[in-house]
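Read-outs: derived from the displayed coordinates by stated rules, not from any lab. As the structure is a computational prediction, the values presented were derived from the model and not from experiment. Ideal geometry is used to build each Cβ from the backbone, glycine not excepted, and the neighbour counts take in all protein chains shown.
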Amino acid sequence: MHLPTDSRRLFKLLIGLSLIPTTTWAAESYFGLVGITTVETARLAAFCPADPTRTNASEPCDIALHFHDTRGRIVKETSITLQPDTGGFLDIRAGETGSTASRVEIIPCVLVGRGAAVSSVQVFDNFTLRTRILTSWGDRPLARSGEMHVGLVGITAFDTARVTAFCPADLTLPSAPVPCDVTLLFHEIGGRVVKQTALILQPGTGSFLDLRSTELGSGIRRGEIVPCVRVARGAAVSTVEVIDNFTGLTAALAYPGALLSAMIAQ
């Protein structure tokens, strides 16, 4: 894989290749073009999940986050080391791109130098701080087992975050469909679990868990939380919604993201 010069420099900040026995390079993932106006902020985030089985020691994640413009020029960047079950982010406003246009196109990019992380992009209003767009780097909405994350999700006092699970009834199987043992939870960017519930979903049924910003106990205008779904039996489809507290309208919707891992050649 050939990285741009700026990307290679970012990656070298994360790990020294001479200190490890195998050849390692960054797994670089792009979200494509994202447009922001002068009244919006784009937030590129990463979350480093711990081993859900707790059988192995979880590895920290070395992450490089950057935004570049349509010409390939990096306009803002940072590198961070995340401990397991913690997250971090990088924000950019239109004025930081060097453009004077009322709307600019940026490309969020994540490089993982060590460990495995889930990444998301949000676009939120500079005045109300409410999220307009939420997406994770991932795949189709597939039924999965194990642990699923969307990444960081921001909510204000006017929002409710909802994490959901649906247990499909696969009628093509020769045996009876299996119920889903599911735990829905939210934790903070620092790893503290703030709300959770355990459920047994029968095939063809679903449920959800809601969280409001007042339950974070912080009093801040906008809080970043990490929704999580753990499926111990069966396979479930999960979504995360941000809902307007007054109208009940869904402001944002995302599916769990895929893990981005550093690539190692023996």
A correct Karplus calculation of ³J(HN,Hα) over the stretch 44-51, with 6.51 cos²θ - 1.76 cosθ + 1.60, θ = phi - 60°, whole Hz and x for Gly and Pro, returns 9, 10, 9, 10, 9, x, 7, 4
Only Lys, Arg (+1) and Asp, Glu (-1) charged, at Cβ; the stretch 40-109 dipole about Cα centre in debye: 240 debye
Per-residue counts of other Cβ atoms within 10 Å, averaged by peptide: what ranking do you get for 242-248, 129-135, 111-117, 142-148, highest first? 111-117, 129-135, 142-148, 242-248
Distance (nanometres) between label positions extended 7 Å along Cα→Cβ at A169 and R132: 4.2 nm
Where the centre of each part is set by its Cα atoms, how far does the stretch 107-134 sit from the stretch 238-259, in angstrom? 14 Å
Set the Förster distance to 25 Å, then compute FRET efficiency between S145 and I220 from the Cβ-Cβ distance, nearest 0.05. 0.10
